[in-house]
Structures are given as C-alpha cells and as structure tokens.
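Structure first, then comments.
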Amino acid sequence: RPRVLSGIQPTAGSFHLGNYLGAVRQWVALQESHDAFYMVVDLHAITVPQDPAGLRANTRLAAAQLLAAGLDPDRCTLFVQSHVPEHAQLGWVMNCLTGFGEASRMTQFKDKSAKQGSDRATVGLFTYPILQVADILLYQANEVPVGEDQRQHIELTRDLAERFNGRFGDTFTIPAPYILKETAKIFDLQEPGIKMSKSASTPKGLINLLDEPKVTAKKIKSAVTDTDTVIRYDAVEKPGVSNLLTIYSTLTGETVAELEKRYEGKMYGALKTDLAEVVVDFVTPFRTRTQEYLDDPETLDSILAKGAEKARTVAAETLAQTYEKVGLLPAK
Ligand code: TYM
C-alpha cells in the first residue's frame with residue numbers, strides 16, 4: 001500500500017469547513033486505500049505564542065475532531081507530533097540543507113510574519129516549513145493530502161528530498177501533493193476572494209464545525225453572492241455562489257451539474273436555506289461525536305499513545321539512516 005501523511009495544527013480550537021473539505025475529508029477516504037499517518041502538529045503550533053493549558057486542551061480537541069470526522073485508529077496511525085521526537089531531530093538535519101534564501105521565499109511565512117511584525121515573528125516561524133519537510137520525509141510518504149495553501153511546502157519537501165538523495169545517496173521517497181481540485185481552496189463566505197481561515201476579518205465568513213448549528217445556519221444564509229440571479233458554477237464571475245455549490249456538492253455527493261439543474265430558475269435564498277440544512281446535518285453529529293471523545297480522555301490518550309508508538313518505529317528507522325548517511329557517529 002502506498003503511504004500518505006498529513007498534519008493539522010491544534011491552535012485553532014474548532015476545525016473550520018476549509019480544513020475539513022480541503023484536507024480531513026480526504027484523510028478519511030485515504031485510510032481505506034493507503035498506509036496512512038495523520039498527526040496533530042503541536043510543534044508547529046508553538047511557532048506563535050501559545051497558552052500552555054490551552055495548547056494541551058486544543059491538542060486533545062484536535063484529535064477528538066479527527067476521530068469524530070471518521071479517522072479510525074485501526075485503519076490509520078493517528079498521533080501527536082511532539083510524541084515522536086524524531087520530527088525535531090530530522091528537522092535539524094533539514095535546516096542544515098535549506099538555503100536561507102530558499103526559506104525566505106515561503107509565502108506563508110511572508111504573510112504570517114508581515115501580520116506579526118518582524119520583531120515578533122520567531123525563527124521557529126521562519127523554519128516552520130522545514131519541520132514540515134521532516135514530518136513528511138520521516139515516513140517516506142508517497143502522497144500528502146492537503147489544501148492548496150500547502151503546495152509550496154510540498155514543493156520544498158521534494159526539493160530537499162532530491163538534494164539529500166543526490167548528496168548522500170538514495171534515502172527519501174519523493175512525495176507528491178494530493179490536492180483535490182474541487183476543494184483545494186474553500187473560500188470565506190463574506191469575502192469569496194480569499195480562503196476561509198481563522199484570521200478572516202470577520203467571523204461571519206468562517207464556518208467553525210463546533211459552533212452552535214444555529215449560528216452556522218445563519219452564516220450560510222447571509223453568505224455574500226452577487227447581483228446576478230442565476231445559480232451556476234463560475235469561479236471567476238460568481239465566486240460566492242460557486243463556493244456554496246462546492247460545499248453543497250462535496251457534503252451531499254451530488255454533482256455541481258446536478259445542483260445547477262435542480263436550482264434552475266430558483267433564487268439564491270433557496271440554495272442557501274437548503275445548504276444551511278445540509279451543513280447543520282453534517283455538523284450536528286460531528287459535534288456530538290467530538291464531545292464523546294473529549295468526555296473519555298483516557299481512551300483518547302491511549303489511542304494517541306498507540307499511534308505514537310507505531311509512528312516511532314517508522315520514524316526512528318528513517319532518522320537512523322539519515323544520521324548515518326550524513327556521517328554522524330553512532331553512540332556505542
Ligand atoms: P493547517 O493546520 O493550517 O490546515 C490543515 C489543513 O487544512 C487545509 N486548509 C484548507 N483547505 C481548503 N480550503 C481552505 N480554506 C483551507 N484552510 C486550510 C490546509 O491546506 C491543510 O491541509 N502546515 C500545515 C500542517 C502540517 C502538515 C505537515 C501538513 C504540518 N506538517 C506535514 C502536511 C504534511 C498547516 O498549517 O495546516
């Protein structure tokens with residue numbers, strides 16, 4: 001079985017619809033066909049300031065949401081990044097292989113550090129993508145299921161894997177991004193030109209999966225569309241309506257063409273009312289299941305402990321090979 005690996009940050013608290021449709025949904029599907037490794041990337045989270053108790057709680061909350069979304073610990077390896085020390089260890093080796101200019105070209109760093117101001121942005125934030133490289137290469141992943149915003153980091157991973165293999169001999173699998181075109185970028189409901197994210201200018205455009213379903217329904221009903229009246233997919237001319245159609249289609253399995261046909265001659269309001277119901281039907285059991293996992297922290301922690309143990313056997317082997325190739329003297 002080919003291998004997949006991916007990660008999600010715990011920082012956010014509730015996952016949003018972009019996380020789910022762009023990434024987590026694919027993780028659930030891929031555990032059937034692939035040897036799958038998924039993790040909560042708490043080491044990535046501390047690249048920006050975190051409240052310690054909050055980080056701990058959010059790490060469990062992220063794991064609970066992944067299970068609620070359908071990850072099955074019998075079919076995939078689910079773990080917390082910091083439970084596998086090899087991530088930081090391989091991360092160092094990768095830091096020593098990355099050009100300063102190369103790291104400076106990472107657009108996510110540029111965006112995030114611009115928001116924080118250069119004095120407050122940490123070196124950890126700067127080298128964040130290089131830790132991600134280590135995450136992926138440790139598991140010899142063939143594919144990495146993510147949203148479009150992670151593409152550049154996967155490119156960097158490929159570059160560094162090739163560089164290492166070229167310099168020290170074949171060691172790492174070259175991973176490919178696994179990005180589904182339809183859901184690669186879910187847009188903000190109020191500003192359909194920008195991706196849905198926690199840092200949006202208004203919370204009205206952001207669908208948090210754990211919000212009160214009533215709040216969610218309201219946000220969908222007040223989504224920004226356009227002054228035209230036709231319900232059809234056109235990402236350039238009608239980004240708002242197209243985003244709603246994408247969400248609708250992915251959550252129900254109906255194709256966009258089928259939806260266009262069904263809503264022919266109908267008003268935007270009808271589409272929004274129905275979509276609100278579709279989303280509420282999705283988030284309601286999701287919230288319940290998440291709460292069930294949170295109510296049983298012992299089970300949750302033991303799932304994560306088993307996951308870390310499985311992950312470590314793979315990670316330790318790759319790290320040992322890497323250290324050897326680089327010329328680090330083994331401890332006797
Ligand atoms: P993170 O935590 O920001 O996001 C988790 C996943 O959600 C996707 N995503 C979206 N997809 C579509 N539309 C959106 N609006 C949207 N917003 C977020 C992201 O693309 C991501 O797949 N650096 C990563 C975490 C990471 C990782 C890794 C991923 C660390 N190590 C190794 C893959 C492999 C991140 O911050 O994702």
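One table, with the values for the structure above:
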{"item": "Residue check, Leu329 part of a loop (DSSP other than H, G, I, E, B), modelled with pLDDT of 95 or more and under 30 Å from Leu131 (Cα atoms)", "result": "yes"}
{"item": "Residue in the range 163-171 that is within 16 Å of the ligand (Cβ to nearest atom) and either more than 21 Å from Ala320 (Cα to Cα) or acidic (Asp, Glu) (or both) present", "result": "no"}
{"item": "So Thr98, is it in contact (Cβ under 8 Å) with a residue 60 or more places away in the chain, near the ligand (Cβ under 10 Å from one of its atoms) and on the phi < 0 side of the Ramachandran plot", "result": "no"}
{"item": "Test: residue in the range 231-249 that is open to solvent by less than 30 Å² (accessible area, probe 1.4 Å) and closer than 30 Å to Thr173 by Cβ", "result": "no"}
{"item": "Looking only at the range 13-41, and only at residues there that are in a loop (DSSP other than H, G, I, E, B) and more than 7 Å from the ligand (Cβ to nearest atom), the one that is surrounded by the most Cβ atoms within 10 Å (Cβ to Cβ)", "result": "Phe15"}
{"item": "Matching residues, the range 198-218, being modelled with pLDDT of 95 or more and within 15 Å of the ligand (Cβ to nearest atom)", "result": "Gly205, Leu206, Ile207, Asn208, Leu209"}
{"item": "Subset of the range 42-55 [within 13 Å of the ligand (Cβ to nearest atom) and either open to solvent by less than 10 Å² (accessible area, probe 1.4 Å) or among the charged types (D, E, K, R) (or both)]", "result": "Asp42, His44, Ala45"}
{"item": "Number of the condition not met by Val48 [criteria: (1) part of a helix (DSSP H, G or I); (2) within 20 Å of Gln132 (Cα to Cα)]", "result": "(1)"}
{"item": "Condition met for Glu182 (assigned to a loop (DSSP other than H, G, I, E, B) and within 15 Å of the ligand (Cβ to nearest atom))", "result": "yes"}
{"item": "Filter result (open to solvent by 70 Å² or more (accessible area, probe 1.4 Å) and in contact with a helix residue (DSSP H, G or I) (Cβ under 7 Å, 6 or more places away or on another chain)) within the range 196-228", "result": "Lys204, Lys221"}
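The values are calculated or read from the model by the stated rules, or taken from the named source; none is laboratory data. Only a predicted model underlies this, so the values are computations on that prediction, with no experimental measurement involved. Reconstructed Cβ throughout: ideal geometry from the backbone, glycine too, with neighbour counts over all protein chains shown. Accessible surface is based on the protein model in full, side chains and every heavy atom, while ligands, DNA and RNA are left aside. Shrake-Rupley method; radii C 1.70, N 1.55, O 1.52, S 1.80 Å.
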